[in-house]
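The structure under discussion appears below in the form of structure tokens.
Quick note: the coordinates plus some simple rules give every number you see, no bench work behind them. Since the model is a prediction, treat every value here as computed from it, not as a measurement. Neighbour counts are summed over all protein chains in view; Cβ atoms, including those assigned to glycine, are modelled from backbone coordinates with ideal geometry.
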Amino acid sequence: MAVFDGATLQLGIGFLLAVALAEYAKIRHKSEKGYSWLGVSAAFFLFSGAFTAPAVGQYLGQISILDWVFQILGWLFALIAVIFIAYETLLEK
């Protein structure tokens, strides 16, 4: 049985991996602001995924709206990141 199982946790790890791979491939400098927003989005998804942990669910299980709020903020920041990355990478020379 996994301690943390949830799609939001995997999504947060994927976004952090995307930022790390962009840094490794030396393409992050093209869109510094966009990848920063993507990192913030990953942090919100990781925090939202932490609500599935048994210890956290025991204390904050009654306040399920917090998990929903962090997911919405994560998606909003991911949308902002995609817009910045697309604009700064594809449209600017």
Mind checking the full-extension length gain between I13 and L79? Use 0.36 nm per residue of separation minus the Cα-Cα distance, one decimal, nm. 22.1 nm
How far apart, in nanometres, would the label points at E88 and I65 be if each is projected 7 angstrom from Cα along the Cα-to-Cβ direction? 3.5 nm
Would any residue of the stretch 66-87 have its amide N under 15 Å from a label point 7 Å out along Cα→Cβ of V56? List them or say none. 66-75
Please compute, over every Cα-Cα pair in the chain, the percentage with a separation greater than 23 angstrom. 31 percent
Assign unit charges at the C-beta atoms only (+1 for Lys and Arg, -1 for Asp and Glu), then state the dipole size of the chain relative to its Cα centre in Debye, rounded to the nearest 20. 260 debye
Helical mean residue ellipticity (222 nm; -39500 (n - 2.57) per DSSP H run of 4+; nearest 500) of the chain: -23000 deg cm²/dmol
